[in-house]
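S.K.: Sharing a structure with you now.
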Amino acid sequence: MSQYTAPLDDIRFVLDELLDAQSRFARLGHADATPDVVDAVLEEAARFAGSVLAPLNAVGDQQGCHHDPATGDVSTPEGFKTAYAQYVEGGWPGLTAAPEHGGQGLPHLVGTLVSEMINGANLAWGNFPLLSHGAVEALRQHGEDWQREVFLKPLIEGRWTGTMCLTEPHCGTDLGLLRTRAEPRDDGSYAIAGTKIFITAGEHDFTDNILHLVLAKLPDAPPGAKGISLFLTPKFKVGRDGVVGERNAVRCGSIEHKMGIKGSATCVMNFDGAEGWLVGEKHGGLKAMFTMMNSARLGVGLQGIGLSERAYQNALRYSRERLQSRSLTGPKLPGKPADPIIVHPDVRRMLLSVKALTEGSRMLAMHAGSLLDEAAHAADPAERERAETLVSFLTPISKACQTEWSIENTYNALQCFGGHGYIAEHGMEQLARDARITTLYEGTTGIQAMDLAGRKTASSQAAGLKLFLAEVEAFCAAHADQADVAADVATLREKCAEWSALTREMLQAAASNPDELGAAAWDYLFYSGYVVLAYWWLRAAVAARDSSRPAAFRDAKRETARFYFARILPRTLAHASAIRAGAGPLMDLDADSFGS
């Protein structure tokens, strides 16, 4: 079976030498996030992930979850519930939550790292506490005082978990079509009626209560997405005084049978007049929903990184051990019947591709985590606004690219095993199956692409892009005269100039034909992602050059950066060409002419 060890050396390199995290923490008022505390948290998270969660990964895949149609109850795989109890006992659910609500108040950046470790160790298990963070943020930002008082502490302590109930059988992304209804009651609560599908952790045996955040429409709701409201609907009723009452009229009708993440309960939830409480303003559910959604999207991006890291570790180990054929330049192990497959160029292509995309994605994710901290805690309002704009811009890039790359990475890693990757013995095929869902839930890649091209670029006059390009140019200007990186600095500047030009061309074309935005969006997303990673790999190469870390670590960083610029960044050529091809090749074929 596949193994997992948290990549602490790489994490510490990014924390200390790329992000200068301790200076950031001090500037943002995180007095408790001292080097000793942060290091202790990372070490303990690595231990929990490696020794408790990782051994359960295959168990969850083999056993899956089980639904009792008579009661609606869901039982989780062997060991999952015990692991969750240890998770709660360790205080992990409240790691980054505010102390006034029972949390530990550590930076989001630290929470980002813990999340990656959990996902690398056991993605299916990690789905159960995943959405509680979004529920906390939605209540903290949009809930009434009594709701924060009653619901936040048990969520943050992990005694209860949260869900997001958005999708319905007849509509996915188009939430304006939803049919779930909320009827007002005399006591200020609402009767919620409808069916939601694909609800992650909608039912389980970990906790006594589950808080469902449900999108529904009031009787006087205007049509479309502007008529959506958000309601908190517990599994067991909870009054304004915090007293838990009888079972609410919400049941899990069934669980999905999936190709991956089988240890995670993906539920059909039926609300039959269930008691719910309005969160935020009437018809203002979309605003509160995006609070949850943006948190979840960054979280799913971390799932892609975790899977990629685990896949890389196992493919690297196998490639060093597996003897097959001789090196093209002569035997490397003359005393053996064959050389290890890591000597072969194509195996190295796969390994280096996984390494470059995984470690580059980690830099991007950690940058996003640091921006969340700045947006929440910077003393200067302008600095908070800048961070919010930038992380908003990077969110669709992070979610989509990190998950799409996880599919590429897990398949490349599986391919290193040859036929042994296809069978269950080595655990690689599970990683590939688990990765496939990450591009679908919390907004498909196409949705992320339209979010980036539309809301984050066209509608905002490219505010986030301009901030990011200014940051890149400042770095390039500071290092342009350094001989060892001058060529890569010049390449990155060229790509940024083209990125700006492609943005202008896309928006100009869309002004006369809206289909041009949709036609360009997917390629625009990936062009953006590859340039963002080029920036971080350039920074990593400079930091590694000046680092005091062991020579092998520094050389690996610089050589991986060289590989990225030479072998992966050129993918932007194809994406730029596709963007400039316009909407015609996509839209001119009549729908009836596609075939039967």
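The values are calculated or read from the model by the stated rules, or taken from the named source; none is laboratory data. Source: prediction; values computed, not measured. Note that we place each Cβ from the backbone using ideal geometry, even for glycine, and neighbour counts take in every protein chain shown.
S.K.: Among the residues of the range 269-288, how many are modelled with pLDDT of 95 or more and buried (at least 20 other Cβ atoms within 10 Å of the Cβ)?
M.R.: 8
S.K.: If we scan the range 512-529, do we find a residue that is without any contact (Cβ under 8 Å) to a residue 60 or more places away in the chain and over 27 Å from the mean Cα position of the chain (by Cα)?
M.R.: Step one: of the range 512-529, the residues without any contact (Cβ under 8 Å) to a residue 60 or more places away in the chain are 512, 514, 523, 527.
Then drop every residue that is not over 27 Å from the mean Cα position of the chain (by Cα), which leaves 512, 514.
Checked the range 512-529: at least one residue is without any contact (Cβ under 8 Å) to a residue 60 or more places away in the chain and over 27 Å from the mean Cα position of the chain (by Cα).
S.K.: Something else now. Would you check which residues across the range 60-82 are surrounded by fewer than 21 Cβ atoms within 10 Å (Cβ to Cβ) and more than 25 Å from R251 (Cβ to Cβ) and list them?
M.R.: Passing the criteria: Q62, G79, T82.
S.K.: Inspect all residues belonging to the range 355-364 and state whether any of them is surrounded by fewer than 24 Cβ atoms within 10 Å (Cβ to Cβ), hydroxyl-bearing (S, T, Y) and either over 12 Å from L298 (Cβ atoms) or in contact (Cβ under 8 Å) with a residue 12 or more places away in the chain (or both).
M.R.: The answer is no, given that none of the residues of the range 355-364 is surrounded by fewer than 24 Cβ atoms within 10 Å (Cβ to Cβ), hydroxyl-bearing (S, T, Y) and either over 12 Å from L298 (Cβ atoms) or in contact (Cβ under 8 Å) with a residue 12 or more places away in the chain (or both).
S.K.: Could you check the range 410-439 and list, in sequence order, the residues that are in a helix (DSSP H, G or I) and on the phi > 0 side of the Ramachandran plot?
M.R.: Here is the first cut: in the range 410-439, the residues in a helix (DSSP H, G or I) are 410-416, 418-421, 424-426, 428-438.
Hit for the range 410-439 is G418, nothing else.
S.K.: If you don't mind, another one. Since N57 meets every condition but one in (1) surrounded by fewer than 20 Cβ atoms within 10 Å (Cβ to Cβ); (2) over 25 Å from A376 (Cα atoms); (3) in contact (Cβ under 8 Å) with a residue 12 or more places away in the chain; (4) of a type in the set (S, T, N, Q), which condition does it not meet?
M.R.: If we test N57 against (1) surrounded by fewer than 20 Cβ atoms within 10 Å (Cβ to Cβ); (2) over 25 Å from A376 (Cα atoms); (3) in contact (Cβ under 8 Å) with a residue 12 or more places away in the chain; (4) of a type in the set (S, T, N, Q), just (1) comes out false.
S.K.: Based on what the data block shows, is V532 touching a helix residue (DSSP H, G or I) at 6+ places or on another chain (Cβ under 9 Å) and farther than 30 Å from T200 by Cβ? Please lay out each step first, then the result.
M.R.: Values: touching a helix residue (DSSP H, G or I) at 6+ places or on another chain (Cβ under 9 Å): yes; farther than 30 Å from T200 by Cβ: no.
It is false that V532 is touching a helix residue (DSSP H, G or I) at 6+ places or on another chain (Cβ under 9 Å) and farther than 30 Å from T200 by Cβ.
S.K.: Looking at H212, H204 in this structure, which one is surrounded by 17 or more Cβ atoms within 10 Å (Cβ to Cβ) and part of a loop (DSSP other than H, G, I, E, B)?
M.R.: H204
S.K.: Report yes if A543 is within 23 Å of L467 (Cβ to Cβ), under 27 Å from the mean Cα position of the chain (by Cα) and in the same structural domain as G464 (by TED's automatic domain parsing), otherwise no.
M.R.: Taking the combined requirement at face value, the residue satisfies it.
S.K.: Right, another one. When you go through T82, T96 one by one, which is the residue that is without any contact (Cβ under 8 Å) to a residue 60 or more places away in the chain, under 30 Å from A376 (Cα atoms) and among the β-branched types (V, I, T)?
M.R.: Being without any contact (Cβ under 8 Å) to a residue 60 or more places away in the chain, under 30 Å from A376 (Cα atoms) and among the β-branched types (V, I, T) holds for just one of T82, T96, which is T96.
S.K.: Something else about it: Criterion first (crowded, with 19+ Cβ neighbours inside 10 Å and either of a type in the set (D, E, K, R) or part of a helix (DSSP H, G or I) (or both)) does D481 satisfy it? Walk me through it before giving the result.
M.R.: On the way: crowded, with 19+ Cβ neighbours inside 10 Å: no; either of a type in the set (D, E, K, R) or part of a helix (DSSP H, G or I) (or both): yes.
Considered against the rule, which asks whether it is crowded, with 19+ Cβ neighbours inside 10 Å and either of a type in the set (D, E, K, R) or part of a helix (DSSP H, G or I) (or both), D481 comes out as no.
S.K.: Any idea which of A534, A566, A552 is closer than 18 Å to S398 by Cβ and assigned to a helix (DSSP H, G or I)?
M.R.: Numbers: A566 fails: closer than 18 Å to S398 by Cβ; A552 fails: closer than 18 Å to S398 by Cβ.
Only one candidate qualifies: A534.
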